Amino acid sequence: MFVVRGGRPLRGRVSVSGAKNAALPIMAAALVANGTSVLHGVPDLVDVTTLSSVLRSLGMNVDRRPDGAIALSTCDEQRCLADYELVRRMRASVCVLGPLLGRRGRACVSLPGGCNIGHRPIDLHLKGLRALGAKITIDRGYVFARVDRLVGADIYLGGSFGSTVTGTCNVMCAAVFAKGITTISAAACEPEVVDLGNYLNAMGAKIEGLGTPLLRIEGVDDLNAVEHTVIPDRIEAATMLIAAAMTGGRLQVDNLVPAHLAGVIDALRMMGVMIEIHDHTAIVTAPDTLRALDITALPYPGIPTDVQAQFTALLSIAEGISVVTDKVFPDRFMHIPELMRMGANVRREGACSIIAGIKTLSGACVMASDLRASAALLLAALAADGESVIRRVYHLDRGYERLELKFNKVGADIARVVDQPETMPASLQLSEEEQQPLAVDSSDSPPPPKFLSRRESGQPKFK
Ligand code: UD1
């Protein structure tokens, strides 16, 4: 868990790591290459470790080299089973489906199962692969896919909630080997899909239209391994911009691609946040007062659903009423009850949350439910008066590379504490009598909130 002493403006310089959501499908796509692929900028994350295990179970060598690059090569092409025990830990494991089918002609991949951010079917992935000629059945919780030779087809990949990011990746990775031409309309335009497409093209694939909703793919027989550098993580970058805005700070955020953050930067500016852009750097300065704003999470180039929770934390201390809508994952609001424990004034209405901004959040004990919710709670804790305890930060470790260390370098006070009460020294353990339930259980609670003046709290102020 994290123990966070809030109310400290973040000041200084931070650098963004490589994008998790680009690195994962690109690592999976290394399955299709002849030779050894070398990937630079793959962040050191739990999700990357999980996918490495999946790929090893599929007959690949996966090694992190001393310079940080990841090298991948195939040693056994016979293996085609991605087991439930690994896939259930990370949904993105499903990204091996398309590459396996394309290269090895068969795949047996566990269905990922439930998810805290809402219903996440893979029907569009299967629809696209079936259109290419794959025979697919679902049996005992697994997707069984088989094909002799994939054949190009015209595929529409739009669903009720727009395009599918990993679905586009899967179909693209299979279609690069399909005989003839494949078109994918309503393809996802996310920069991570473009990065995967560029990687495949560098290996010899013929994909046109990357970054647009219409892809044209001419099948090839073979792809040869290359070196590739993964794009910077736009979600981590957005989280850092929001951290500066929330804590009344000024941060220089290096290694970002401003074009990938256009919607986020525009929204922050409309809230009064000052952002200067120089090439791959943004300098963000918090205003005295944050203004309320209505935002909607949409497929790219809209504001990403993966920063919806962080924006909700930010808007909870903006002056006025804001409405946050998520059109990609309309049930992704598990962070709200926890933010409300910190004083946020939020009401959920279907796929929207309505936020009446308050001046200052107060430190509290909260529980992270998923990756981006944990980032939102960390941001709220950084901005809050007093001390917060955030439990289940293993969600954060899935997708952010040492975020607490990056924030501590620019003035935050975040301590990572091993949360194992059973290893507590005997002298600190409660007697049986003391363990009886109390009206308020304070054993885990931070000290009562200390109210700082507005100036002391270092937060954006209402006029
Ligand atoms: C990816 C990202 C995730 C991000 C999401 C949306 C990775 C590893 N993960 O997830 O961080 O939040 O994009 O930007 O890149 N849907 C269907 N049928 C399908 C597939 C999706 O109905 O077959 C729906 C989903 O339920 C959701 C919407 O389409 O409502 C978008 O999902 P999708 O783009 O597929 O998300 P992921 O690729 O799983």
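The values are calculated or read from the model by the stated rules, or taken from the named source; none is laboratory data. What you see is a predicted model; the values in this text were computed from it and never measured. Quick reminder, even Gly has a Cβ in these numbers, built from the backbone with ideal geometry, and neighbours come from all protein chains shown. Heads up: the accessible areas ignore ligands, DNA and RNA and are worked out on the full protein's heavy atoms, side chains in. Shrake-Rupley method; radii C 1.70, N 1.55, O 1.52, S 1.80 Å.
For SER15, the residues whose modelled amide H falls within less than 5 Å of its own, excluding neighbours fewer than 5 places apart on the same chain, are ASP254. The share of Cα pairs per 10 Å bin across segment 80-222, counted from zero up to the longest distance, runs 13, 46, 35, 6 percent. About the Cα centre of the chain, what is the dipole size in debye to 20, counting +1 per Lys and Arg Cβ and -1 per Asp and Glu Cβ, all else neutral? The dipole of the chain has a size of about 560 debye.
The mean accessible area for residues of segment 301-395, using a 1.4 Å probe and ignoring ligands and nucleic acids, is 29 Å² per residue.
Distances between placed amide hydrogens fall under 5 Å for GLY7 paired with ALA383, ALA384, all partners being 5 or more residues away or on another chain. Multiplying each eigenvalue of the alpha-carbon gyration tensor of the chain by 5 and taking the square root yields semi-axes of 40, 25, 20 Å, largest first, rounded to whole angstroms. Once phi is turned into ³J(HN,Hα) by the Karplus curve 6.51 cos²θ - 1.76 cosθ + 1.60 with θ = phi - 60°, what whole-Hz value does each residue of segment 360-373 show in order, with x for glycine and proline? In residue order, the calculated couplings are 8, 7, 10, x, 7, 7, 9, 10, 7, 9, 7, 4, 6, 4 Hz. Once backbone amide H atoms are built at 1.01 Å from N, LEU223 has ASN34 as its partners under 5 Å, excluding neighbours fewer than 5 places away on the same chain. Accessible area per residue for segment 85-147 is 43 Å², calculated with a 1.4 Å probe on protein heavy atoms, without ligands, DNA or RNA.
Counting protein heavy atoms only, the chain has 51 percent of its accessible area on carbon and sulfur, 1.4 angstrom probe. Derived scalar couplings between HN and Hα for segment 97-108 equal 4, x, x, 4, 5, x, 8, 9, x, 7, 7, 9 Hz in order, rounded to whole Hz, by the Karplus curve 6.51 cos²θ - 1.76 cosθ + 1.60 (θ = phi - 60°), x for Gly and Pro. The accessible area of VAL226, taken with all protein chains in place and a 1.4 Å probe, comes to roughly 30 Å². In order along segment 207-213, the Karplus-derived 3J(HN,Hα) couplings, from 6.51 cos²θ - 1.76 cosθ + 1.60 at θ = phi - 60°, round to 10, 10, x, 4, x, 10, x Hz, and Gly and Pro are given as x. Size descriptors for segment 261-365 (Cα atoms only): Rg and Dmax, in that order, 13.6, 40 Å.
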